[in-house]
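For reference, the structure is listed below as structure tokens.
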Amino acid sequence: MKWLGLGAVLWTSGGCLIPQDESYLNALPIQRNRPPRFVESQVEPPARIIGGYGSDKLCDLKFSVFVEDPDTADRLTVNWFVDYDPSQPRGPDSVSRVEPRDNRVVRGDSATFQVSFNSGNLSRLNQLGDHVVEAIVSDTILVGRDPEPKPIPLSDGSIFNDAGYTATYVWFVRTEGNGCQ
């Protein structure tokens, strides 16, 4: 009798005796946007502080970044700013586009920004003193320096605004001049 009672207890304890309501998903959840990132091991120049630009040893500077985004279909934009002042907003000094290819998280193409001291290109870096060079990668359109949300139409006719993201990489450059001809 003990064994029969023990068997009945084990059999009934395997599930819930109170019926549960069943709820099913009507549709799969929306895949949310994820932020892009810089691949720090491939940033050029690797030093964040650069001195002696414009001297006889350093007449040309090339900034280069590789970016990654888990959303492999996103088109990424890298906006380059030199000495950006938030009290006097302006557009980027240069823009690089990084297209998606082969569903790769790390994009195969780098975004670059190149300056030459005393060239015909009127760069803020050619003025003597300290400067800040920023690379801002975004997976959506920037308004000023802020990412716009992506509107996604839903099956019920409403719109879901998925957040856009940015990441920033910064170099500090001291322009000394007088060495490049």
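The values are calculated or read from the model by the stated rules, or taken from the named source; none is laboratory data. Computed from a prediction, not measured in an experiment: that's the story for all the values here. As a convention, Cβ positions derive from the backbone with ideal geometry for all residues, glycine included, and neighbour counts pool all protein chains shown. To get the accessible areas, we keep the full protein, side chains included, count just its heavy atoms, and leave off ligands, DNA and RNA. Shrake-Rupley method; radii C 1.70, N 1.55, O 1.52, S 1.80 Å.
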For the chain, what is the accessible area per residue in Å², given a 1.4 Å probe and the full set of protein chains? 66
Mean residue ellipticity at 222 nm from the helices of the chain, using -39,500 (n - 2.57) per DSSP H segment of n ≥ 4 over the full residue count, to the nearest 500 deg cm²/dmol? -2000 deg cm²/dmol
Identify which of the listed values of P(r) over Cα pairs in 10 Å bins from 0, in percent was calculated from the structure shown: (i) 7, 22, 25, 26, 16, 4, 0; (ii) 8, 26, 23, 14, 8, 7, 6, 4, 2, 1, 0; (iii) 8, 34, 40, 17, 1. (ii)
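If you average the sequence gap of Cα pairs under 8 Å that are 6 or more apart and divide by the length of segment 43-140, what percent do you get for the contact order? Present the calculation step by step, with values, prior to reporting the outcome.
Values: 159 pairs, mean separation 34.9, N = 98.
Reported relative contact order: 36 percent.
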Between the Cα axis of helix 2-13 and the main Cα principal axis of the chain, the angle (0 to 90°, nearest 10) is 40
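Can you tell me, using C-alpha contacts under 8 Å and at least 6 residues apart, the relative contact order of the chain as a whole percent? Don't jump to the answer; show the numbers that get you there.
Details: 340 pairs, mean separation 49.4, N = 181.
Computed over the chain, the figure is 27 percent.
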Part-to-part distance (alpha-carbon centres) for segment 29-80 and segment 100-120, which is given in Å: 8
Top of 47, 111, 167 by mean-square fluctuation, Gaussian network on the chain, Cα under 10 Å: 47
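Based on DSSP, what percent of beta bridges with both residues in the chain are antiparallel, to the nearest 5?
Numbers: 37 of 40 bridges.
Percentage antiparallel, nearest 5: 90.
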Charge tally in the Cβ shell below 14 Å around residue 128, where Lys, Arg are +1 and Asp, Glu are -1, residue 128 excluded: -1
The set of residues whose placed amide H lies less than 5 Å from the amide H of residue 33, leaving out same-chain residues fewer than 5 positions away, is 163
Size of electric dipole in the chain: Cβ of Lys, Arg +1 and of Asp, Glu -1, about Cα centre, debye, nearest 20: 300
Less than 20 Å apart at the alpha-carbon level, and either on another chain or at least 8 residues along: which aspartates and glutamates does that give for residue 57? 44, 130, 176
Looking at the chain, identify the longest residue range that excludes and avoids all trypsin sites (Lys or Arg not before Pro) in DSSP loops having at most 14 other Cβ atoms within 10 Å. 105-181
Classify segment 82-168 as rounded, prolate or oblate, taking a ≥ b ≥ c as the square roots of the eigenvalues of its Cα gyration tensor: rounded when a/c is under 1.5, otherwise prolate if a/b is larger than b/c and oblate if not. oblate
At a 1.4 Å probe, what is the % contribution of carbon and sulfur to the accessible area of segment 54-176? 48
